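The values are calculated or read from the model by the stated rules, or taken from the named source; none is laboratory data. Computed from a predicted structure; not experimentally measured. We place every Cβ from the backbone using ideal geometry, glycine too, and count neighbours over all the protein chains shown.
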Amino acid sequence: MIKINQNVQNLKYDSKMTHKYEILIKDGILSIVRDTDVKNFRFLEKFNIEILKIRNIDKQIKLRNVTVRELDLGQQMDEYEYQYRLNLNVDDLELENLEVLNLQYNNLENDQLQNLAKFQKLHTLNVSFNKVDLTYIHNVLSLTKLSMRECGLQNIDQISQLVNLQELDLSTNRNINLTPVQTIKGLINLNISDCNLCQIDQLESLTNLEVLDLSNNKGVYLTPVCKLKSLTKLSLRHCDLKNIGQIVLLTNLKVFDISSNKINITPLNTLVGLIKLDLSMCGLTELSALKPLINLQYLNISFNYFINITELQYLTNITHLNLFWCNLVSICALRPLINLENLNIQNNNIVYLDANFNKMQKLQIFAVGQNRISDFSSINKHKNYNNLDEKGTRCFDTSNQKIPSEEQLFNANKMRRVEGPNIQLKEIQIQQKALKMVLRNFKLQINEATNNARQSEIQFTANVVRLFQQSNQVGFE
């Protein structure tokens with residue numbers, strides 16, 4: 001996310017610097033995450049920094065004579081406690097090369113953004129989750145990307161002056177009128193999810209729109225949407241829709257999320273260009289409409305209650321398939337899906353895994369928890385069994401069944417020793433009274449910084465400890 005020169009990279013070895021500032025450098029990102037003894041940021045003037053991230057600083061931030069191109073002062077939701085307010089005034093930032101500015105989750109108010117227009121190269125601004133409006137932002141005519149999610153906006157008339165906008169996020173502002181948006185003809189990406197919208201006729205003029213998110217707008221009127229022939233990505237998740245017949249007009253759609261709507265999916269059979277489709281929680285019982293969608297690669301049909309899934313056998317290009325909680329008793333219909341890389345069949349009533357499961361030689365992630373499977377021999381014999389953990393999460397669950405032997409779960413040397421620089425074994429689920437709480441509350445991952453395992457306060461049963469002690473590369477979190 002950040003590029004820095006070699007001098008800054010060496011900062012982490014300079015005790016004179018690091019005893020004053022908690023400075024983290026990871027993947028080329030310079031991050032100042034604590035303000036211990038921070039008096040000012042003048043030391044940054046010595047370095048040719050392009051991208052700078054600062055977190056949890058309550059001192060006044062003044063940056064001058066710094067070559068920063070991207071400045072990230074945004075907090076994350078899990079770091080943010082609402083009483084905190086970033087001590088920042090735009091006048092204290094002399095950054096003539098600034099192009100990207102992230103200020104999300106900082107309890108900012110309008111007065112802190114005066115003179116924002118002085119950043120003549122600024123093209124990307126994120127002020128989401130702050131108490132700000134467009135009073136000063138509308139003067140930054142260079143903006144091409146603006147995010148103002150959940151800012152309590154009501155009047156957005158001034159947004160019409162930002163004629164260069166291509167990406168706009170106004171989501172979770174529930175009292176806005178879209179009329180000013182219709183004048184921004186260059187918009188390519190628009191997020192107006194959770195805005196309490198119903199009539200959206202203003203969108204008809206946005207003929208260049210390629211990405212539109214209308215999620216969580218109950219009863220939204222689809223006619224204007226279906227006139228946007230350039231759309232390639234559309235989200236109508238949780239819109240309380242009953243009829244999607246007009247969707248057949250959007251022949252260029254590649255990605256479509258219509259989850260959490262109780263609908264008849266028959267019109268989908270004309271959208272043969274779809275690559276990614278989310279139909280989770282749609283109350284589906286059959287899938288005949290999907291048979292023509294031979295270009296699908298990602299399909300989520302979780303939380304439906306199917307009588308059968310035989311139609312899936314025709315979708316041989318699928319690489320990612322989610323069948324979580326679908327009331328399935330068998331996955332025999334998946335035999336032809338030899339291109340599967342990620343398969344989730346958790347929380348079903350599956351008793352056994354067909355021997356043809358072994359033909360899915362590209363499978364990297366296989367989630368099979370919360371079923372009635374007692375025989376794991378098909379998993380053990382899978383050609384890619386030894387490498388599953390290298391590619392992603394490996395998840396087993398034998399609820400109310402006998403726990404598989406160590407040989408079944410860790411049959412390969414790589415699994416047993418957890419070797420390799422990029423392996424992440426995120427979670428093992430073996431639900432039985434003795435192990436349930438223990439194994440669901442830890443993450444096991446490679447500690448690339450050292451070959452010595454860090455101390456773990458988590459208690460494991462003897463068998464589990466013995467399995468993992470064979471590798472000194474393992475760190476516990």
*Every residue from region 105-127 that is out of contact with any helix residue (DSSP H, G or I) (no Cβ under 6 Å at 6 or more places or on another chain), polar (S, T, N, Q), within 24 Å of E50 (Cβ to Cβ) and surrounded by fewer than 22 Cβ atoms within 10 Å (Cβ to Cβ)*: Q120, T124, N126
*asked:* Which count do you get for residues in region 221-238 that are in a loop (DSSP other than H, G, I, E, B) and more than 18 Å from R149 (Cβ to Cβ)?
replied: 10
*Enumeration of residues in region 285-308 that are assigned to a loop (DSSP other than H, G, I, E, B) and either surrounded by fewer than 18 Cβ atoms within 10 Å (Cβ to Cβ) or at pLDDT below 95 (or both)*: T285, E286, K291, P292, I294, N295, Q297, Y305, F306, I307, N308
*Pairs only if they're at least six apart or on different chains, beta carbon under 9 angstrom, first in region 317-337 and assigned by TED's automatic domain parsing to the domain that holds I307, second among the acidic types (D, E) and not in a strand (DSSP E or B); list them, first residue then second.*
T319/E341; H320/E341; S330/D354; I331/D354; C332/D354; A333/E311; L334/D354; R335/D354
*Selected residue (only one of C195, C151 is farther than 29 Å from D92 by Cα, buried (at least 17 other Cβ atoms within 10 Å of the Cβ) and without any contact (Cβ under 8 Å) to a residue 60 or more places away in the chain)*: C195
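Across region 150-202, what is the total count of residues that are assigned to a helix (DSSP H, G or I) and of a type in the set (V, I, T)?
The initial filter retains those residues of region 150-202 that are assigned to a helix (DSSP H, G or I), namely 157-161, 179-183, 201-202.
Still in the list and also of a type in the set (V, I, T): 159, 179, 181, 183.
So the answer is 4.
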*Given the residues L168, L214, L187, L162, which is the only one that is touching a residue at least 24 places away in the same chain (Cβ under 8 Å) and either under 21 Å from the mean Cα position of the chain (by Cα) or within 19 Å of N252 (Cβ to Cβ) (or both)?*
L214
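Listed here are the residues, each with its yes/no results for (1) under 25 Å from S288 (Cα atoms); (2) surrounded by 20 or more Cβ atoms within 10 Å (Cβ to Cβ); (3) assigned by TED's automatic domain parsing to the domain that holds H123.
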position	(1), (2), (3)
V163	no, no, no
E204	no, no, no
L209	no, yes, no
G245	yes, no, no
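Given N107, N175, which one is in contact (Cβ under 8 Å) with a residue 12 or more places away in the chain and closer than 30 Å to F43 by Cβ? Talk me through it step by step, then tell me what you get.
On the way: N175 fails: closer than 30 Å to F43 by Cβ.
Checking each option against the conditions leaves just N107.
Restricting to region 254-281, what's the tally of residues that are hydroxyl-bearing (S, T, Y) and either surrounded by 18 or more Cβ atoms within 10 Å (Cβ to Cβ) or touching an Asp or Glu at 6+ places or on another chain (Cβ under 6 Å) (or both)? Let's see the steps before the verdict.
Filtering region 254-281 for residues hydroxyl-bearing (S, T, Y) gives 259-260, 266, 270, 280.
Filter once more, so that each one left must be either surrounded by 18 or more Cβ atoms within 10 Å (Cβ to Cβ) or touching an Asp or Glu at 6+ places or on another chain (Cβ under 6 Å) (or both): 259-260, 280.
Count: 3.
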